[in-house]
Amino acid sequence: LAGDGFAINGNAIVGADRDAPQEADVPPTAKPKSKSVHHNVVVHPEEKVVNKQGAKEDDKNVLDAPAPNPDDSPGELGKPVVLPKQMSPEMKKAVDDGWTKNAFNQYVSDLISVHRTLPDPRDAWCKDSARYLSNLPKTDVIICFHNEAWSVLLRTVHSVLDRSPPELIGKIILVDDYSDMPHLKKQLEDYFVAYPKVEIVRGPQREGLIRARLLGAKYAKSAVITYLDSHCECAEGWLEPLLDRIARNSTTVVCPVIDVIDDTTLEFHYRDSSGVNVGGFDWNLQFSWHAVPEREKKRHNSTSEPVYSPTMAGGLFSIDREFFERLGTYDSGFDIWGGENLELSFKTWMCGGTLEIVPCSHVGHIFRKRSPYKWRTGVNVLKKNSVRLAEVWMDDYSKYYYQRIGNDKGDYGDISDRVKLREDLECKSFKWYLDNIYPELFIPGDAVANGEIKNINTNMCLDVDGKNEDESPVGVYGCHGQGGHQYWMLSKSGEIRRDTACLDYAGKDVILFGCHGSKGNQFWTYREGTKQLHHGSSGKCLAINESKDKLIMEECDPRFVRQQWLMENYDSS
Ligand code: UD2
Ligand code: MN
């Protein structure tokens, strides 16, 4: 077992761990929407209460004789496991504990074999082995974890071993980012003694996922590095289509389709190639999913072909090891969680590579609604990472992010070596990236107004009420001047936008709805003279109600001050 101490750069880490700033502030990774068929397997209350180490017993048997699992065992073929409504107090406690520790249903995971079978999610197109080069490079698989559940971590590793051609796997490097759960110590080492490809690396202090990944990379020897989160399941045939792209061009960085493993039932929901999404981001520098754009569809004959993606979700990808090094791997000044996915995405594109999503490759991931582990105290980790990202890679466009954080960059440390890296690599500009790789992104500078929309005689502003989602209602809230939920842009074409969502009125409530670009319910005109916001399809005006706590739409009348709004940074020219 490897495990020497390490210091990837000189960044000292200050402060003790504690809970994430506020659970609601930790953006859970956007979960792609998915469709699926349900075949419920109900576990009856009289069935065993899980033992603490989950699938351990089960594994022993499997170790001796890896017999195929009968299809009716819990969770086989990716089916959901549904717990009974009525549970004994002990069982209920075990279920609740599992949720508290992991933010997914560990109890259910522990009932499922760590070698469970999955449906084969691939299109017929993908199964033609002639599509892939015969001499594919080997990959090392790096899986970082901080306090992962036993059965989930094991299932991740076994899904790699069970569903990859052995000759394509060098090592599986498990990087323990200073976990304190007891099962991740000696028990883990003992378990993997039987699997010579698995190596466990332990960091001497909590580093966060970015530096943990860098530690893992130090132990990698194969031509390709593949990263996975510690709660994944690789599906049949996941690896060859990824390695094939890199074998053809070592500057291609590839991501599998990320299927959703349900956090409650552990059902594996797979998406067929027509439902593949690509990655984007918004000006809060949050990752988002989007349908494959038309311009990209035109480049292909089949929906199974790899598609260009402006960004990656972050956790699951393969990259040529030398190319990764050439790109300067990750910024080791990034702490705990976040931003590294955009860093790698931007520089891949800007510094001579391409980033693709490969519809033939499927890996499931448990998307969680909150982060179960401790972040750091006293620093807004995600903001610090994002400011480093913006400073180094986004040129003048960084200002749009800064507007979202009240122009307060905070202390983001020294970035001079990252700036130098960009210069040395002679990377293209961020404008080039936006124009060529992500033309769908709305640029706030193209807006006629941006900032808050304030009702004139009250101190109330248009506010998305915490939800920047499709079809969520828009209301009013005391103006706070911090951007965030009160940041709006009026586009030249008459939309009042957030990033990808637009203010929409279809006769009922004023809501946010995905921008469609065809005016109608999303068409607004600001009359500078009367300060009214006229709505296109209804001809009504936006107003605040009498008790000044709701938005209403009513007949336009310039005498009503309740219809008068101040648009920040309005420029009529
Ligand atoms: C997503 C990515 C994740 C990462 C993150 C942004 C997917 C499916 N997931 O968040 O890989 O890119 O966005 O940074 O694309 N971990 C550590 N040390 C820590 C914290 C986490 O080792 O201090 C491990 C953790 O056990 C897990 C991985 O890092 O295996 C990613 O963390 P996550 O699952 O909480 O992130 P996720 O999926 O919400
Ligand atoms: Mn994850």
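The values are calculated or read from the model by the stated rules, or taken from the named source; none is laboratory data. Since this is a predicted model, take the numbers as computed values, not measurements. Cβ: placed from backbone, ideal geometry, glycine included. Neighbour counts: every protein chain shown. The accessibility values were calculated without ligands, DNA or RNA, using every heavy atom of the protein model including side chains. Shrake-Rupley method; radii C 1.70, N 1.55, O 1.52, S 1.80 Å.
Annotations for the structure displayed:
- Taking the chain and dividing mean pair separation by its residue count, relative contact order in percent (alpha carbons under 8 Å, at least six apart): 14
- For segment 180-244, the Cα-based Rg and Dmax, in that order, read 13.9, 39 Å.
- Pairs of Cα atoms farther than 41 Å apart, the chain, %: 28
- Once the gyration tensor of the Cα atoms in segment 137-187 is diagonalised, the equivalent ellipsoid follows with semi-axes of 23, 12, 7 Å, ordered largest first.
- Dimensionless Rg/Rh of segment 414-573 - Kirkwood Rh, Rg from C-alpha atoms: 1.07
- For segment 341-386, the Stokes-Einstein estimate of translational diffusion at 4 °C and a viscosity of 1.567 mPa s comes to 91 µm²/s, using the Kirkwood hydrodynamic radius over alpha-carbon pairs.
- Rounded to 5, percent antiparallel among DSSP beta bridges of the chain: 65
- The convex hull built on the alpha-carbon positions of segment 66-168 has an orientation-averaged projected area of 9.1 nm².
- Burial order of peptide ranges 171-177, 516-522, 298-304 (average beta-carbon count within 10 Å, highest first): 171-177, 516-522, 298-304
- Estimated distance in nm for a label pair at residue 471 and residue 555, the labels positioned 7 Å out from Cα along Cα-to-Cβ: 3.3
- For segment 366-466: span of alpha carbons on each principal axis (Å, largest first): 54, 40, 32
- Dipole magnitude (debye, nearest 20) for the chain, charges at Cβ of Lys, Arg, Asp, Glu: 580
- On a per residue basis, the chain carries 43 Å² of accessible surface, using protein heavy atoms and a 1.4 Å probe.
- Contour minus Cα-Cα distance for residue 508 and residue 101 (0.36 nm per residue): 142.3 nm
- Computed over segment 59-216, relative contact order equals 20 percent, with contacts defined as Cα pairs under 8 Å that lie 6+ residues apart.
- Take the Cα of residue 295, go 7 Å toward its beta carbon, and the backbone nitrogen atoms of segment 419-434 under 17 Å from that spot belong to 429-434.
- Whole-percent carbon and sulfur share, accessible surface of the chain, 1.4 Å: 49
- Relative contact order for segment 444-567, counting Cα pairs under 8 Å that sit 6 or more residues apart, in percent: 24
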